[in-house]
Amino acid sequence: MTKRNIIITGTSRGIGYELVALFTHAGHNVLALSRNEIPVSGLGISNCTCFPCDITDSKDVKKVGVFLKEQWNHVDVLINNSGYLVNKPFSKLKMEDFQQSYEVNVFGAAALTQVVLPFMKKDGHVVNISSIGGVQGSLKFPGLAAYSSSKGAIITLTELLAEEYKETGPAFNVLALGAVQTEMLEEAFPGYKAPLSAEEMAQYIMDFSLNGNKYYNGKILEVSSSTP
């Protein structure tokens, strides 16, 4: 097995937390980023580095560049997994709700990607985590105007970056996830039971991030058992 350098955001819980466990157990080096680093730091994993990083804060994002320059020199995989979900009727949404959704789901991911790209080679892979609700023609749910529209934006950004970097790499792909049983989902939809656990989805994302760039670039993969 070739040891890879992996960056994952949103690692304090849910899918991101499970991704850290899977990648480190497989022997890869992981940089785990979240505003709260305590859950991951408590694992005491030797091949995992974690420090508090708010991807909406430019000072925190710059710290990632400093770490990469001093410690790693190159990155194989970046998984932009951080997400902000708000469930409110459109009439109740405040502009702050839209702003927070886009800052985390779009602007933060873009800022981190800009910092990491100089450390990635042609065979690198940037995986953006979106939602099936952000895909044109998919089933839409009331209350998710801010969340799903921001997830649609990260899909389009992924396609644009894949085109812009198609000659030099890395590859850019986006996974549009269906419902996954996470704390974030429970907070937004109390009592709802999703068909997949965070660990199950994390396994799929890990496999795709390590191998998907051999087959895809600039693609939207809908990871959902629902129709449409």
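The values are calculated or read from the model by the stated rules, or taken from the named source; none is laboratory data. In this text the structure is predicted, and so the values were computed from the model without any measurement. Please note: Cβ atoms are built from the backbone with ideal geometry, for glycine as well, and neighbour counts cover all protein chains shown. These accessible areas exclude ligands, DNA and RNA; they are computed on the full protein's heavy atoms, side chains included. Shrake-Rupley method; radii C 1.70, N 1.55, O 1.52, S 1.80 Å.
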Handout entry: For the range 1-77: relative contact order, % (alpha-carbon pairs under 8 angstrom, 6 or more apart)
Key = 31
Practice task
Starting from the eigenvalues of the Cα gyration tensor, five times each then square-rooted, give me the equivalent ellipsoid semi-axes of the chain, largest first, whole Å.
Solution key: 26, 19, 18
Fill in the blank from the handout: Env charge @ V127, Cβ radius under 12 Å, K,R +1 / D,E -1, value -1
Exercise for the section: Enter the accessible area per residue of the chain (Å², integer; probe 1.4 Å; all protein chains in place). Expected result: 49
Handout entry: Rounded accessible area of F90 (nearest 10 Å², 1.4 Å probe)
Key = 150
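Using alpha carbons only, what's the Rg to Rh ratio of the range 1-108 with Rh from Kirkwood?
Values: Rg = 15.2 Å, Rh = 14.7 Å.
Rounded to two decimals, Rg/Rh equals 1.03.
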Fill in the blank from the handout: Calculated from DSSP helices alone, with each H run of at least 4 adding -39500 (n - 2.57) and the total divided by the residues of the chain, [θ]222 nm to the nearest 500 comes to -10500 deg cm²/dmol
Practice task
Take the solvent-accessible surface of the protein heavy atoms, probe 1.4 Å, and return the percent of it on the chain that carbon and sulfur atoms account for.
Solution key: 53
